[in-house]
Amino acid sequence: MKMWKLAGIFAAILIVLAGVSLALAPVVYAELARLMDPPPAWPPSSISEAPLPGPSSATVVDGYWWVQRIATDTYAIGEPQNQLDNFEYLLVGKSRALLIDGGATGRDIHAALATLTNLPVTVIPTHLHYDHTNGLRNFTSIALIDLPETRSRVREGVVYLGRYQYLGAAGQDPPRFRVTEWVRPDGYIDLGERRVQVLCTPGHTTSSISVHDPAAKMLFTGDLIYTTTLYAFLPGSSLSAYLATADRLLATLPGDTVIYGAHCCRNDAPPGAPWLDMDDLRDVRRAVENIRTGTATGRGFIIRRFPVNPRMTIVTLYPFANR
C-alpha cells in the first residue's frame, strides 16, 4: 500500500478519535478528575474568588462546622476546611427542620444541627454529586425529588447513585440510602407553620433542585448559581436547561428574592454565607445566552471560561457542544 494511503488512513483515524473525544469531553474530564488530585485544570479565572479580609459572624462547632444565622430560624452551615468550601442550609419550622444538602464528607453534621434545633431533621440534596450527598449516610429521614431519573436508581428500596450522578474520586463509594419522602417537582415540604417549595431547576445537572421559601423570599439553589465558578460542562449539564431554568425563575419569583448558593464566598465581603440577588441571576442568564449564540468572549478551547459579572464566571465547553 502506498505511503499516502497509509497516511490518509492514519489521519482519518485521528480525526475520528478526536471527534469522539470532543463528543465525550464531559465524561473524559470526569474520569480524569477521578484519578487526578488536583483534577485537570481549565483556563484560570480573571476574578478574585477570595473573600475580603475581616471578621466573620459565624460560630465554629466541633472544630469543623461554620454556623451562621442568616434569617429567623434559618442557618447557613459551612465547611471551610473542605476543598470545595460547601454550604448547607437549615430551615427550622414548628414541627421539624429541613437541611438542604447533606455535606461534602461523611462527617456527621448533627453536631452542628444540635446547636440550632432539637426538632427532627429531614435532609434533601439539591443534586446528587458527591459533595452534596456524602453526608446522607448519617440520616434516616431523607427527601428526594421525584423524577424518572431518581426513581430509576432505586433497587429494593435503596438508592444506588450512578457513576456520573455521584462524580466521586476513585475509591470513593457513594452513600446508599432510603428515601422517606418523595417530593414531586414544584411540590411542597411542610415544616410546621413553614412551607417550602421544591423547584425542579436543571442546568448544572438534570435532576437539580432549588428550595424556595416564599414567605422569607429566599431561594436556595445548590450549584445552579452561587458566587465564584459555575460548572456547566459536566455530565448532565446543559446550557439550554440553564437558560430555561433562569427564565422560569426570573418570571415567577419576586424581584427582591435573596439567593443562597452551595459554595463560598463573595469576593466583595468578609467571609459569610454566599448570597446573591435576582440581578445576579439575570447576569447568569445573559452570559448563558451569549455563550450559546457565540457572542461571548471566553478563554480556553475544549473547556472554556466566560465572565458573568464581578462575582462569577461560568465554565463550559467548546462552541458546538454548548447545547
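The values are calculated or read from the model by the stated rules, or taken from the named source; none is laboratory data. For clarity, every value in this text was computed on a predicted model and none was experimentally measured. All Cβ positions, even for glycine, are placed from backbone atoms using ideal geometry, and neighbour counts span all protein chains on display.
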ask   = Of all residues in the stretch 243-272, how many are at pLDDT 95 or above and touching a Gly at 6+ places or on another chain (Cβ under 9 Å)?
value = 6
key: Test: residue in the stretch 165-173 that is assigned to a loop (DSSP other than H, G, I, E, B), modelled with pLDDT of 95 or more and buried (at least 19 other Cβ atoms within 10 Å of the Cβ)   = no
inquiry  = Out of everything in the stretch 182-217 that is more than 17 Å from the chain's Cα centre (by Cα), within 22 Å of ASP279 (Cβ to Cβ) and in contact (Cβ under 8 Å) with a residue 24 or more places away in the chain, what residue ends up being surrounded by the most Cβ atoms within 10 Å (Cβ to Cβ)?
reply    = ASP213
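Quick one: which helices (runs of 4 or more DSSP H) sit completely within the stretch 81-155 and have at least 2 residues that are buried (at least 19 other Cβ atoms within 10 Å of the Cβ)? Full working, then the answer.
Details: elements: 110-113, 130-133, 148-151.
Per the criteria, 110-113, 130-133.
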Subset of the stretch 246-275 (residues that are among the hydrophobic types (A, V, I, L, M, F, W, C) and part of a helix (DSSP H, G or I)) = ALA246, LEU249, LEU250, ALA251
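Every residue, every condition in (1) buried (at least 20 other Cβ atoms within 10 Å of the Cβ); (2) closer than 21 Å to PRO26 by Cα; (3) among the hydroxyl-bearing types (Ser, Thr, Tyr), yes or no:
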{"site": "THR221", "(1), (2), (3)": "yes, no, yes"}
{"site": "GLY236", "(1), (2), (3)": "yes, yes, no"}
{"site": "LEU239", "(1), (2), (3)": "yes, yes, no"}
{"site": "VAL308", "(1), (2), (3)": "yes, no, no"}
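In contact with a Leu (Cβ under 8 Å, 6 or more places away or on another chain) and within 28 Å of ALA216 (Cβ to Cβ): is that true of VAL284 in this structure?
Values: in contact with a Leu (Cβ under 8 Å, 6 or more places away or on another chain): yes; within 28 Å of ALA216 (Cβ to Cβ): yes.
In short, yes.
Per-residue answers, yes or no, for (1) over 21 Å from LEU234 (Cα atoms); (2) among the polar types (S, T, N, Q); (3) out of contact with any Lys or Arg (no Cβ under 8 Å at 6 or more places or on another chain):
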| position | (1), (2), (3) |
| --- | --- |
| HIS263 | no, no, yes |
| ASN267 | yes, yes, no |
| GLY272 | yes, no, no |
| GLU289 | no, no, yes |
| GLY294 | no, no, yes |
| ARG305 | no, no, no |
| THR313 | no, yes, no |
| TYR318 | no, no, no |
ask   = Could you count how many residues in the stretch 267-290 are crowded, with 23+ Cβ neighbours inside 10 Å and more than 19 Å from ILE100 (Cα to Cα)?
value = 3
remark   = Residue count, the stretch 29-45, condition loosely packed, with under 12 Cβ neighbours inside 10 Å and at pLDDT 85 or above, comes to 1
